[in-house]
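Below you'll find the structure, written out as C-alpha coordinates, and then a few comments.
The values are calculated or read from the model by the stated rules, or taken from the named source; none is laboratory data. Everything numeric in this text was worked out from a predicted model, so none of it was measured. Cβ sites come from the backbone with ideal geometry, for glycine too, and all protein chains shown count toward neighbours. Ligands, DNA and RNA are excluded from the accessible area calculation, which covers all protein heavy atoms including side chains. Shrake-Rupley method; radii C 1.70, N 1.55, O 1.52, S 1.80 Å.
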Amino acid sequence: MRILLAEDQAMVRGALASLITLSSPHQIVEAADGDAAMKLLKTDSFDLLLTDIEMPGRTGLELAAWLQQQKSPTKVVVITTFGRSGYIKRALDCGVSGFLLKDAPVSDLLSALDKVMAGKRVIDSELALLALGETDPLNDKERRALRLAGEGKTTAEIAGVLFIAEGTVRNYLSEAMAKLNAANRIDAARIAQQKGWL
(Lines give C-alpha, C1' and ligand atoms only; values in the text may rest on other atoms or scores of the structure.)
Protein backbone atom coordinates (compact mmCIF):
# COMPACT_ATOMS: atom_id res chain seq x y z
CA MET A 1 0.00 0.00 0.00
CA ARG A 2 1.25 3.50 -0.86
CA ILE A 3 0.51 5.98 1.93
CA LEU A 4 0.85 9.77 1.94
CA LEU A 5 1.50 10.88 5.51
CA ALA A 6 0.62 14.55 6.10
CA GLU A 7 1.73 15.80 9.52
CA ASP A 8 3.37 19.13 10.33
CA GLN A 9 5.19 18.03 13.49
CA ALA A 10 8.43 16.50 12.25
CA MET A 11 8.99 14.23 15.25
CA VAL A 12 5.44 12.85 15.15
CA ARG A 13 5.62 12.39 11.37
CA GLY A 14 8.96 10.58 11.58
CA ALA A 15 7.77 8.34 14.41
CA LEU A 16 4.56 7.42 12.59
CA ALA A 17 6.41 6.69 9.34
CA SER A 18 8.93 4.47 11.17
CA LEU A 19 6.27 2.60 13.14
CA ILE A 20 4.19 1.90 10.03
CA THR A 21 7.13 0.75 7.86
CA LEU A 22 8.57 -1.42 10.67
CA SER A 23 5.24 -3.15 11.21
CA SER A 24 4.07 -3.52 7.61
CA PRO A 25 5.31 -3.50 4.00
CA HIS A 26 3.61 -0.17 3.22
CA GLN A 27 5.48 2.57 1.37
CA ILE A 28 5.29 5.97 3.09
CA VAL A 29 5.68 9.36 1.41
CA GLU A 30 5.88 12.25 3.88
CA ALA A 31 4.42 15.76 3.58
CA ALA A 32 5.32 18.47 6.11
CA ASP A 33 2.05 20.40 5.78
CA GLY A 34 -1.27 20.56 3.97
CA ASP A 35 0.03 22.48 0.96
CA ALA A 36 2.89 20.02 0.41
CA ALA A 37 0.38 17.15 0.66
CA MET A 38 -1.88 18.82 -1.91
CA LYS A 39 0.99 19.13 -4.40
CA LEU A 40 1.76 15.42 -4.01
CA LEU A 41 -1.91 14.44 -4.34
CA LYS A 42 -2.12 16.40 -7.61
CA THR A 43 1.00 14.85 -9.13
CA ASP A 44 1.16 11.34 -7.71
CA SER A 45 -1.19 8.51 -6.77
CA PHE A 46 -1.68 7.05 -3.31
CA ASP A 47 -3.85 4.30 -1.88
CA LEU A 48 -4.35 6.17 1.36
CA LEU A 49 -3.88 9.63 2.87
CA LEU A 50 -3.04 9.53 6.59
CA THR A 51 -3.43 13.10 7.78
CA ASP A 52 -3.54 15.36 10.78
CA ILE A 53 -6.33 17.96 10.83
CA GLU A 54 -4.62 21.14 11.98
CA MET A 55 -1.63 21.96 9.76
CA PRO A 56 -0.19 25.05 8.11
CA GLY A 57 -1.71 25.67 4.69
CA ARG A 58 -4.56 23.31 3.98
CA THR A 59 -6.09 21.31 6.81
CA GLY A 60 -6.51 17.56 6.67
CA LEU A 61 -10.25 18.05 6.22
CA GLU A 62 -9.68 20.36 3.24
CA LEU A 63 -7.47 17.67 1.68
CA ALA A 64 -10.20 15.08 2.27
CA ALA A 65 -12.86 17.37 0.76
CA TRP A 66 -10.67 17.96 -2.32
CA LEU A 67 -10.16 14.21 -2.81
CA GLN A 68 -13.92 13.72 -2.51
CA GLN A 69 -14.58 16.44 -5.13
CA GLN A 70 -12.07 14.78 -7.47
CA LYS A 71 -13.82 11.44 -6.95
CA SER A 72 -10.39 10.07 -6.05
CA PRO A 73 -10.04 6.42 -5.01
CA THR A 74 -7.54 7.52 -2.33
CA LYS A 75 -8.90 6.57 1.10
CA VAL A 76 -8.48 9.04 3.98
CA VAL A 77 -7.69 8.32 7.62
CA VAL A 78 -7.50 11.26 10.02
CA ILE A 79 -5.33 11.13 13.12
CA THR A 80 -5.68 13.99 15.55
CA THR A 81 -5.08 15.10 19.10
CA PHE A 82 -8.54 16.66 19.22
CA GLY A 83 -11.78 14.68 19.37
CA ARG A 84 -14.03 17.67 18.72
CA SER A 85 -17.54 16.97 17.49
CA GLY A 86 -17.25 19.48 14.65
CA TYR A 87 -14.13 17.80 13.29
CA ILE A 88 -15.69 14.36 13.29
CA LYS A 89 -18.91 15.52 11.63
CA ARG A 90 -17.00 17.40 8.92
CA ALA A 91 -14.66 14.44 8.42
CA LEU A 92 -17.63 12.13 7.85
CA ASP A 93 -19.18 14.66 5.46
CA CYS A 94 -15.89 14.67 3.50
CA GLY A 95 -15.98 10.90 3.10
CA VAL A 96 -13.16 10.15 5.55
CA SER A 97 -12.88 6.41 6.15
CA GLY A 98 -11.06 6.49 9.47
CA PHE A 99 -10.80 8.86 12.43
CA LEU A 100 -8.40 8.06 15.27
CA LEU A 101 -6.84 9.93 18.16
CA LYS A 102 -3.05 10.15 18.23
CA ASP A 103 -2.92 8.52 21.65
CA ALA A 104 -4.39 5.28 20.25
CA PRO A 105 -2.05 2.25 20.29
CA VAL A 106 -0.03 1.65 17.11
CA SER A 107 -1.77 -1.71 16.71
CA ASP A 108 -5.10 0.15 16.45
CA LEU A 109 -3.69 2.42 13.74
CA LEU A 110 -2.29 -0.47 11.69
CA SER A 111 -5.54 -2.41 12.06
CA ALA A 112 -7.51 0.69 11.01
CA LEU A 113 -5.36 1.14 7.88
CA ASP A 114 -5.98 -2.46 6.83
CA LYS A 115 -9.73 -2.23 7.53
CA VAL A 116 -10.05 1.03 5.58
CA MET A 117 -8.25 -0.47 2.59
CA ALA A 118 -10.68 -3.41 2.79
CA GLY A 119 -13.54 -0.93 2.34
CA LYS A 120 -14.57 -0.50 5.97
CA ARG A 121 -14.97 2.68 7.99
CA VAL A 122 -13.09 2.91 11.30
CA ILE A 123 -14.06 5.55 13.84
CA ASP A 124 -13.34 5.36 17.54
CA SER A 125 -16.71 4.63 19.22
CA GLU A 126 -16.46 7.55 21.66
CA LEU A 127 -15.64 9.87 18.78
CA ALA A 128 -18.59 8.56 16.78
CA LEU A 129 -20.92 9.56 19.64
CA LEU A 130 -19.38 13.05 19.64
CA ALA A 131 -20.27 13.37 15.96
CA LEU A 132 -23.93 13.40 16.95
CA GLY A 133 -23.35 16.73 18.73
CA GLU A 134 -23.98 20.27 17.55
CA THR A 135 -24.29 21.14 13.87
CA ASP A 136 -21.66 23.42 12.33
CA PRO A 137 -23.46 26.63 11.29
CA LEU A 138 -20.55 28.00 9.19
CA ASN A 139 -20.22 27.66 5.44
CA ASP A 140 -16.81 27.07 3.82
CA LYS A 141 -16.28 30.73 2.88
CA GLU A 142 -17.02 31.94 6.42
CA ARG A 143 -14.80 29.20 7.84
CA ARG A 144 -11.80 30.16 5.66
CA ALA A 145 -12.16 33.87 6.48
CA LEU A 146 -12.58 33.15 10.18
CA ARG A 147 -9.54 30.86 10.30
CA LEU A 148 -7.38 33.61 8.75
CA ALA A 149 -8.86 36.20 11.15
CA GLY A 150 -8.01 33.88 14.03
CA GLU A 151 -4.40 33.86 12.80
CA GLY A 152 -4.40 37.65 13.25
CA LYS A 153 -4.69 38.62 9.58
CA THR A 154 -6.31 41.95 8.70
CA THR A 155 -9.34 42.28 6.44
CA ALA A 156 -7.06 43.34 3.57
CA GLU A 157 -4.73 40.37 4.12
CA ILE A 158 -7.67 37.94 4.24
CA ALA A 159 -9.04 39.45 1.02
CA GLY A 160 -5.64 38.96 -0.63
CA VAL A 161 -5.33 35.32 0.45
CA LEU A 162 -8.89 34.44 -0.61
CA PHE A 163 -8.86 36.59 -3.78
CA ILE A 164 -12.05 38.42 -2.80
CA ALA A 165 -13.01 42.03 -2.00
CA GLU A 166 -12.51 43.42 1.50
CA GLY A 167 -16.26 44.11 1.75
CA THR A 168 -16.94 40.43 1.05
CA VAL A 169 -14.50 39.47 3.83
CA ARG A 170 -16.32 41.79 6.24
CA ASN A 171 -19.63 40.19 5.23
CA TYR A 172 -18.30 36.65 5.81
CA LEU A 173 -16.87 37.59 9.20
CA SER A 174 -20.01 39.41 10.37
CA GLU A 175 -22.15 36.44 9.27
CA ALA A 176 -19.89 34.10 11.21
CA MET A 177 -19.97 36.36 14.28
CA ALA A 178 -23.78 36.48 14.16
CA LYS A 179 -24.08 32.69 13.78
CA LEU A 180 -21.74 32.09 16.70
CA ASN A 181 -23.15 34.94 18.83
CA ALA A 182 -19.59 36.27 19.16
CA ALA A 183 -18.50 39.74 20.28
CA ASN A 184 -15.87 40.12 17.54
CA ARG A 185 -13.96 38.16 14.90
CA ILE A 186 -11.36 36.85 17.38
CA ASP A 187 -14.09 35.66 19.74
CA ALA A 188 -15.84 33.98 16.79
CA ALA A 189 -12.60 32.25 15.76
CA ARG A 190 -12.04 31.05 19.34
CA ILE A 191 -15.59 29.65 19.63
CA ALA A 192 -15.37 27.92 16.25
CA GLN A 193 -11.94 26.49 17.11
CA GLN A 194 -13.21 25.05 20.41
CA LYS A 195 -16.12 23.41 18.62
CA GLY A 196 -13.86 21.95 15.93
CA TRP A 197 -15.53 23.97 13.17
CA LEU A 198 -12.33 25.63 11.89
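Looking at the range 13-29, can you tell me whether even one residue there is surrounded by 14 or more Cβ atoms within 10 Å (Cβ to Cβ), under 26 Å from ARG144 (Cβ atoms) and not charged (D, E, K, R)?
no
So how many residues does the range 80-103 have that are open to solvent by less than 10 Å² (accessible area, probe 1.4 Å) and outside any loop (DSSP other than H, G, I, E, B)?
Our first condition is that a residue be open to solvent by less than 10 Å² (accessible area, probe 1.4 Å); within the range 80-103, this holds for 80, 86-88, 91, 96, 98-99.
Still in the running and outside any loop (DSSP other than H, G, I, E, B): 80, 86-88, 91, 98-99.
Here the count works out to 7.
Suppose we filter THR135, THR168 for residues that are more than 28 Å from LEU16 (Cβ to Cβ), part of a loop (DSSP other than H, G, I, E, B) and either in contact with an Asp or Glu (Cβ under 8 Å, 6 or more places away or on another chain) or of a type in the set (Ser, Thr, Tyr) (or both); which single one remains?
Within the list THR135, THR168, the selection yields THR135.
Every residue, every condition in (1) crowded, with 18+ Cβ neighbours inside 10 Å; (2) in contact with an Asp or Glu (Cβ under 8 Å, 6 or more places away or on another chain); (3) outside any helix (DSSP H, G or I), yes or no:
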| residue | (1), (2), (3) |
| --- | --- |
| LYS42 | no, no, no |
| PHE46 | yes, no, yes |
| ILE53 | yes, no, yes |
| ARG58 | yes, yes, yes |
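Restricting the search to the range 156-178, which residues are over 22 Å from the mean Cα position of the chain (by Cα) and either among the basic types (Lys, Arg) or surrounded by 18 or more Cβ atoms within 10 Å (Cβ to Cβ) (or both)?
ALA159, VAL169, ARG170, GLU175, MET177
Look through ALA182, ALA189, ALA178 and report the one residue that is among the aliphatic types (A, V, I, L, M), part of a helix (DSSP H, G or I) and either under 30 Å from ASP47 (Cβ atoms) or in contact with a Lys or Arg (Cβ under 9 Å, 6 or more places away or on another chain) (or both).
Working: ALA182 fails: part of a helix (DSSP H, G or I); ALA178 fails: either under 30 Å from ASP47 (Cβ atoms) or in contact with a Lys or Arg (Cβ under 9 Å, 6 or more places away or on another chain) (or both).
When all the criteria are applied, what remains is ALA189.
Within the range 60-79, track down each residue that is assigned to a loop (DSSP other than H, G, I, E, B) and open to solvent by 30 Å² or more (accessible area, probe 1.4 Å).
Correct list: GLN70, LYS71, SER72, PRO73.
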